[in-house]
Amino acid sequence: MRPSDPEPQHPELRQSSQNRNTRKHQDALSAARLYYLQDLTMDRIARQLRTSRSTVSRLLAFARDEGLVQIEIHSPIDSAVALEAGVAERFGIAAASVHVVPQVESLSETENLDRVAMYAARTLTGLVASQSIIGIAWGSTLSAMSRHVSRRPTHGSTVVQLNGAANTQTMGVGYASEIMRRFGRAFDADVEEFPVPAFFDRAETKKWMWKERSVRRVLDVQERMTLAVFGVGAADADLPSHVYAGGYLDAADLDSLAAEEVVGDVATVFFRADGSSDGIELNARATGPSFSTLRRVPRRLCIVSGPAKAAALRGALRAQLVTDLIVDEATARAVLAERA
């Protein structure tokens, strides 16, 4: 053996070194499981492993360095930004006009709706200016939103109701009028209510009513809207849309909508999954604005909460009814889950 050659390690020493490394890995794994999976403090881990707190700290650092533990940070903000970009690209909306509200797992559907409604109310405040004509479609989402809208006094503004609220059980005055008054008070705006049924019994009745001067006056205000605010209705939503749960549709109406493959509505005007609405019998009796009227409005703010409304939202987007969208994270994911 040359003097420069290292002296070979004794097999027993080599085995001892391997045992120490194995033991260190085992201790590091134990410490990591207790810290990251069971959420124990370093002091409690030290007592359980019968060692010192500083040793636990070194074991955790060793676990990270050796790749025994991999830490990932999932930012809900980053996730929301990616979803906003995805929805904007898929449906041809400006990315800056899509707002995804990050998900909070512990919230119920009602609490989640309220959170989205609060975000929408804040967004609306920035869209309203003096001389605005704001169309409001009553419903569960707009009712929640109306409770959060902040005061922003304007001059010469008008809030106009987009669809009638009466049905065979009620005139709907208390429900729809309160929503309208809340938005009117927030912006010091005049309020134009629409005292007609949500649906006429016959299409001919609607045609005659639309010629009445008192009704025509409200329709003329709708034609001059600068901003429309609405949710989307869906029959199978976790929180049933008011038009489906409020006695507005009978069994024959629901059967007709199912036969025509309707997935949702905006202001009581119905559409299919591809966004089409032609030939849907109930639309001839509905009092909401036609989609051609709605598309002429420069800003159209849509607010949606709940993954069960994903199909309805996709239909509204394909119908090109939306320029500005506020949606919760779970619903945005569901909307994008369907292949283009």
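The values are calculated or read from the model by the stated rules, or taken from the named source; none is laboratory data. In this text, all values refer to a predicted model and were calculated from it rather than measured experimentally. Backbone-built Cβ (ideal geometry, glycine too); neighbour counts: all protein chains shown.
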Next on the checklist: Checking Glu223 against (1) among the acidic types (Asp, Glu); (2) surrounded by fewer than 19 Cβ atoms within 10 Å (Cβ to Cβ); (3) under 18 Å from Pro197 (Cβ atoms), only one condition comes out false. Which one?
Outcome noted: (3)
Checklist outcome for this item: Of those in segment 296-340 that are of a type in the set (Lys, Arg) and assigned to a loop (DSSP other than H, G, I, E, B), the residue farthest from Trp138 (Cα to Cα) is Arg339
Item to check | Any hit, segment 250-272, residues being polar (S, T, N, Q), buried (at least 18 other Cβ atoms within 10 Å of the Cβ), in contact (Cβ under 8 Å) with a residue 24 or more places away in the chain and in a helix (DSSP H, G or I) | outcome: no
Checklist entry - Is it the case that segment 25-38 has a residue that's in a helix (DSSP H, G or I), modelled with pLDDT of 85 or more and basic (Lys, Arg)? => result no
Checklist entry - Of all residues in segment 104-136 being assigned to a helix (DSSP H, G or I) and of a type in the set (Ser, Thr, Tyr), which is nearest to Asp238 (Cα to Cα)? => result Thr110
Item to check | Any hit, segment 137-148, residues being at pLDDT below 95, in contact with a strand residue (DSSP E or B) (Cβ under 7 Å, 6 or more places away or on another chain) and part of a strand (DSSP E or B) | outcome: no
Checklist entry - Restricted to segment 182-197, and to residues that are touching a residue at least 60 places away in the same chain (Cβ under 8 Å) and touching a helix residue (DSSP H, G or I) at 6+ places or on another chain (Cβ under 7 Å), which residue is nearest to Ile133 (Cα to Cα)? => result Phe194
Checklist entry - Restricting attention to segment 198-210, does a residue exist that is within 28 Å of Ser130 (Cβ to Cβ) and in a helix (DSSP H, G or I)? => result no
